[in-house]
Each structure stands twice: as structure tokens, then as C-alpha cells.
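See below for the structure under consideration.
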Amino acid sequence: MNEQEAREQLQVLREQLNTYNYQYHVLDNPTVSDTEYDQKMKQLKELETAFPELITPDSPSQRVGGPPLEAFEKVTHRVPMLSLSNAFNEGDVKDFDRRVREGLGEETVTYVCELKIDGLAISLRYQDGLFVQGATRGDGETGEDITSNLKTIKSIPLRIKDHSAMEVRGEAYMPQQAFARLNEAREQNGEALFANPRNAAAGSLRQLNPQIAAQRQLDIFLYAVGEWESGTLESHSERLTYLQELGFKTNPEWRKCQGIDEVLDFVHEWVEKRAALSYDIDGIVIKVDNLEAQEQLGFTAKSPRWATAYKFPAEEAVTKLIDVELSVGRTGVVTPTAILEPVKVAGTIVQRASLHNEDLIKEKDIRIGDTVTIKKAGDIIPEVIQVVIDQRPEGLEAFSMPKECPSCQDELVRIEGEVALRCINPNCPAQLQEGLIHFVSRLAMNIDGLGEKVIEQLYRESYVHTIADLYRLEREKLLQLERMGEKSVDNLLAAIEKSKENSLERLLFGLGIRYVGSKAAKTLAAHFRTMEKLQAASLEDLIAVDEIGDKMADSIVQYFEDEKVQKLLAELKELGLNMEYNGPNLADISSDSIFADKTVVLTGKLTIYTRQEAKQQIEALGGKVTGSVSKKTDLVIAGEEAGSKLTKARELEIEVWEEEQLQTALEGDTTS
Ligand code: IVH
């Protein structure tokens, strides 16, 4: 291929990839499978390797690139990034409206109400249509240049059709699911947890290595224009529409309101509906729509007079800490959980809350017997925020973590650089049990009838110590166990037998190799195809696989070097477990599944799967799981007490399934 041909082909590929990217990340409406996207990206990268002089900064291949930075450069905002005045109740909102009306000499004012996204303010600068600089707000005057991190956010267009010098502003945030997944992984790895999605987003954008930011699944909603060479529009609402036309992701939930009563309706509506969103909001922003009117009202030193932020009351409650429960996870991390006097927060009864780790307990000086304030972080996991110190009874002892493992009494260690205490005894019963529970779980070997309670029972009775023991269980002995009838024993044994046929990725995930989640297990299985080949893979072989990073590769090599592991795998093979990948080539996964290219929304309380399990499984089958119901949604899975999303799905006549139908579909889909 000559250079001219390469140039033409590059242009076609880039346009296609940009379109797919936009459809997926901005419109929430993918039109091609991930595989197709990946193949096009591969072609693009190959062509760019052959013709490096043709690489452009806005090429979709350039989102994650460049070496880690030493430090961030400072950026001076040409138009300062101000903050907003706050309104904490209806009275404050009405006062704001009164001031606006007086300032403008008008009876009623047209406002735009928007969700106040709980993230961090960001500025994006475009020159000649190219994204040239992205910065944090900083102190409003000066921020930090985080361009390379922002480039990894796929909903940010690298090129727009407006070629005037333009700076757009918005809020970068971490969706709740991404936050939950990140913290889960950090907990397993003994790293400090992020307190909420906002901190996690800020922490991610402050990473000097863009590779890390790229893994954090951040997103952004744009809501304002800063400096703009050729701005001609007359209202904020027209600007929002124009930003959307340019390919920016704007939040769809804004509304034009005539007068303050309509504004208050919007506020009340969202006090109810906010829990159903897939990202955190902390209030409603109310803005005068007309730009001339905005100018007439002007600014105070800190904030515009034409806008205010109504802040939702924090969903907190006060209760008593009865006890601290310690549990040992599969990787030996010991986590403290607060046991509380039951109390209602944000609609549900809370009796347990996360205490994260020892450092946090010490920092907050939390003691058993204290009265504490609790809050739902990101409105999901309750956590203890602080002690109500003047209600502390006399004589409470400071809390300290035990020196010994609550399960095996071995000495706990604190690994350098980690905040967690770990039990490193490989024979620790709690760890072994957790490992077994993980092994039989739905995304791993999926053995029905082996719930947590049964595993505990089998372990207690010394029937099972290792994974291999599960495959040596005998009918007669099982029948001697309490609450085990003939039928359940037969079913259980049949389920265990059936699990032997599972495709390699389930076994791999089930083994619980550090950092290897279900998705990575699938990638590895599809790539190496047999356990033998994977065991023989070198660090380089592993790193060469797409999506397998250094840390994971290291952990896999170490795992297979362990003699005990080698022995275990030999036993499993001997016992008849399948050690091969039965699935289709990765390239075919999405195309023939019922979820291929389908946009699915999960709502309500799921009881069969956790949300994460359901999402992972649907995604593994080529589907896409999004947070809100729109015309583009193909299917809604409604759990118990499904609310507004279900109503909306019915209104839009979108197909709705109960969770059982999802189960049938997932278990019947042989491509999984
Ligand atoms: S408009 C002049 N709109 O709230 C300030 N801000 O205290 C213009 N925020 O720093 C800001 N969602 O980080 C605006 N829809 C929204 C917002 C929003 C979140 C944040 C932003 C700002 C802070 C104001």
C-alpha cells in the first residue's frame, strides 16, 4: 500500500471508529459489537504502525498514549471558573427567584433546571476543531493540565465540527457501578478505598499515568461554554442543544421552566427520582435561560447572580454502634464491619455499615458503644462517617484490630503500602471457605445447591478442604449430614458432576488467581485455549494478550509456579475436570447471542444475581448495560420493587423481563 492509499484508508477507519465511539459513549446506543470495534481499532493501529508519519493527535488510537507525566502543568483559565451560590430549602430558592426578578424587572423568568452532577468541574479547550487542552477547575483561576487523562474519556470528542476557538465546561464523574467495582478490587488488593464516586473520579484524574485513568471508566457531562470566539446563541438552552449537536455528551434530564413553581416541581421530582440514577447527583442547578438577562444580572465576587444550586439534604442518620464484626476474605484481607442498631436511611433499614480498615477507625476514633452518624455513600453502601462525641458514654475503650486472624489465630500482617491487615496463612479456614464459595459461585463453576451454608457445613464436617475435595464427595456420607435428603444430595452430586464440563474460563476464574476477574479469565481462556498452554505461558506471552496488564501477568506466573497449585491442577485433571476452552472464538462471541448488540437496563432489586453478575454476563454475551431507559433501550430487566424505570419502559413500550427470564436466557445461552 502506498502512502496515499494508507491516508485514505486511515481516514475511513478513523471516521468509522469515531462514529461507533460516539454512538456507544455519548448516545448510549451502540450499533456494532465490541468485537467489530476492536477489529477496526486493530486495523487502524497496524496501519499507523506501518505509516507512523500519518498519526494525528485526534486519531482514536491516541486516546491512551504517551508516557506517565512527572507533574501536571498549570493552566490559567481565561474566563474564571466560578462556583455557585447554594440554596438549601424552598425558601432559599424563592429568594433567589425574587432577586432575579427584581434584577431584571420581570414578573416571571424562564429558567433551565439541570441535575447537579457530583463530580469535578473540568474545562475542555478546542482549537480549529481539535481537542487541545483539558484542565481541572483548581481554585477557579488556575487549574491543572490533565489533557492526557481526559483524552481517555471516550465520550469526549477529539474533534468537533465547530472550528472557532471554544472552551466547554462540564462535570467529570464516575458512574456508581464503576465506583463499586473499583472499590471491590481495591478491597481485595488491600488498597485504601475511595469514600465516594467523586473522590474516585478526582483521584483517577490526578493520576500521572494516563493508563490508570483509562481503566477507571470515567465519564463527563458538558453543561456550559467558557470562552467562545463565535458564540451567537441567545439562551443557555440553545447552547446545551448546540453542545449536543457538536457531539458532546450533555445530560438529558434538563428542563426549561417558566417561573419558580415549575422549578420547584422539577426539584421535588428529582428528590424522588435521584436514587434511580446510575450516577450521583447532589442537587439541582437552576440557571436563568436568557443570556442577555444573565449578563444584566452579572456576578458577585464568587458566583453568578443568574444561577444557584439547590442542594439535596444529606441522607444521613444517627444510631448506635453495637459491635464490630471482622471477616476474612478469600485473599486473607480482614475487614471490619459496623453492627448498628437498625435505623432508616434513604428509604431502607440499615444495620451494618462499612468501616473500611483500621486506619479509618483510628482516624475517626470509632469505639464500640458510640453514637455514630452514618450515610449511604453514593447512596449504595452505608458507611460510618463520624462519632457524635458528646454522646460518648464514659469508659469506652479505643478500638483496635486484633493481632490475630479471627478465623485461624495466625498472626496478621500488614503488607507494605497496603492499609489492610491480612492473614497470610494459606490454610486459614476462613480463606479456604471463602475460596470454595467463590469457586462454586455463579460466574465461576456455577454449582447449584452449594450455597454458603452448605460449604460451611461441608468444611465444618471436614468433608471438604480444597476445591478438589468437592469432586470426591460421596453420596453415603452426604446423606449423613443434617438437612440433606436423598433428593438434594442427588441434585447436588449431579450439579457437581455437570460442572466438570465447564469451559476453561469458569475454572480459571474459580481458582481465584489474584487480579483475574471473570472477564480476564475469558480473555485468557479464549487466547490460550488449554490450561496446559496457559500454565506454560511466560510473562511476555501473557503481556502480549490484549487487556492483560503487567500486574495481572505477574500474578498469573507466580500462581502457576506454586507447587501446591500444580498439585491441585493435576488432581482436578485426574478427577475429570475439563481443562479446555469450549467457547467460540472471541470474534464470534457477540454475534449469535440473544444479547448481541442489545442495550439492556437493570432496575429494581435483583435476587438471583447481583447487579454486577447480571451486567457481566449480559456484557459477556455482547450486550450493553446502561443506567437509564430511553428509546434506545431494547430490554428492561425488572427486579422487585422496580419503580420509575419500569414505568418509563412501559410508556415507551420496551420489552420487560422478570429476573427469572434473564436466568433462563443466561443459562440457556450456550455461547456463555
Ligand atoms: S454550572 C458559574 N451546571 O457545581 C458556575 N455546575 O458549585 C457554573 N456542577 O463547580 C456551573 N453540575 O463543578 C453547573 N449542571 C451543572 C452542574 C454544575 C455540577 C458543579 C460544578 C460547579 C459546582 C458549582
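Readers should treat all values here as calculations from the given coordinates under stated rules, not as data from a laboratory. Computed from a predicted structure; not experimentally measured. Backbone-built Cβ (ideal geometry, glycine too); neighbour counts: all protein chains shown.
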Cα-based shape type of region 392-548, given that a ≥ b ≥ c are square roots of the gyration tensor eigenvalues and the cut on a/c is 1.5: oblate
Relative contact order (percent) for region 472-542, with alpha-carbon contacts under 8 angstrom and 6 or more residues of separation? 20 percent
Loop trypsin sites (Lys or Arg not before Pro), region 377-450 (other Cβ atoms within 10 Å of the site Cβ: 15 or fewer; DSSP): Lys403
Straight-line reach only, C-alpha to C-alpha below 24 angstrom: list the lysines that Lys648 could link to, leaving out same-chain residues fewer than 8 apart. Lys116, Lys249, Lys256, Lys273, Lys598, Lys605, Lys615, Lys624, Lys631, Lys632
Work out, in µm²/s and without decimals, the Stokes-Einstein translational diffusion coefficient of region 329-443 at 10 °C, 1.306 mPa s, Rh from Kirkwood over C-alpha pairs. 100 µm²/s
Please report how far the C-alpha centroid of region 519-558 lies from that of region 422-492, rounded to the nearest whole angstrom. 28 Å
Under the 0.36 nm per residue contour assumption, what length would be gained going from the current alpha-carbon distance of Ala314 and Asp390 to full extension? 25.2 nm
Per DSSP H run of n ≥ 4, the term is -39500 (n - 2.57); total these for the chain, divide by its residue number, and report the mean residue ellipticity at 222 nm rounded to 500 deg cm²/dmol. -11000 deg cm²/dmol
For the chain, longest principal axis from Cα atoms; helix 3-25 axis from its Cα atoms; angle between them, nearest 10 degrees, is 90 degrees
State the extension gain, in nm to one decimal, for the chain segment bounded by Glu653 and Lys45, taking 0.36 nm per residue of separation less the distance between their alpha-carbons. 214.7 nm
Which percent, nearest 5, of DSSP beta bridges in the chain are antiparallel? 85 percent
Rounded if a/c is under 1.5, else prolate if a/b beats b/c, else oblate: with a ≥ b ≥ c from the C-alpha gyration tensor eigenvalues square-rooted, which is region 1-141? prolate
Using 0.36 nm times the number of residues separating Lys273 and Ile212, minus their current alpha carbon distance, what extension gain do you get? 18.7 nm
Note on the chain: contact order normalised by length, alpha-carbon pairs under 8 Å, 6 or more apart, percent, works out to 11 percent
Find the cysteines in the chain that fail to meet the 4.7 Å Cβ criterion with every other cysteine, and list them. Cys113, Cys257
Give me the one-decimal nm value for the distance between modelled label points at Lys477 and Arg514, 7 Å along each residue's Cα-to-Cβ direction. 3.2 nm
Ascending count of other beta-carbon atoms within 10 Å, so fewest first, for Arg650, Arg14, Arg367: Arg650, Arg367, Arg14
Mind checking the angle between helix 550-561 and the chain's longest principal axis? C-alpha axes, 0 to 90 degrees, to the nearest 10. 0 degrees
Once the Cα atoms of helix 518-528 and of the chain are each reduced to a long axis, what angle between those two axes, in degrees from 0 to 90 to the nearest 10, is obtained? 70 degrees
Using the eigenvalues of the Cα gyration tensor, what equivalent ellipsoid semi-axes result for region 494-637 when each is taken as the square root of five times the eigenvalue, whole Å, largest first? 31, 18, 14
Where in region 75-123 are there trypsin sites (Lys or Arg not before Pro) that are in a DSSP coil and have at most 13 other Cβ atoms within 10 angstrom of their Cβ? Arg78
Which of the trypsin sites (Lys or Arg not before Pro) across region 175-270 are loop residues per DSSP, with 15 or fewer other Cβ within 10 Å? Arg206
What percent do you get for the relative contact order of region 248-347 when only Cα pairs under 8 Å and 6+ apart count? 18 percent
Rounded to one decimal in nm, the spacing of the 7 Å Cα→Cβ label points at Arg98 and Leu130 is 5.4 nm
Under the classification rounded if a/c is under 1.5, otherwise prolate if a/b is larger than b/c and oblate if not, where does region 176-282 fall, given a ≥ b ≥ c as square roots of the Cα gyration tensor eigenvalues? oblate
Order the peptides 80-86, 288-294, 388-394 from the highest to the lowest mean number of other Cβ atoms within 10 Å of their residues. 288-294, 80-86, 388-394
Given just the C-alpha atoms of the chain, how large is their convex hull per residue in cubic angstrom? 183 Å³
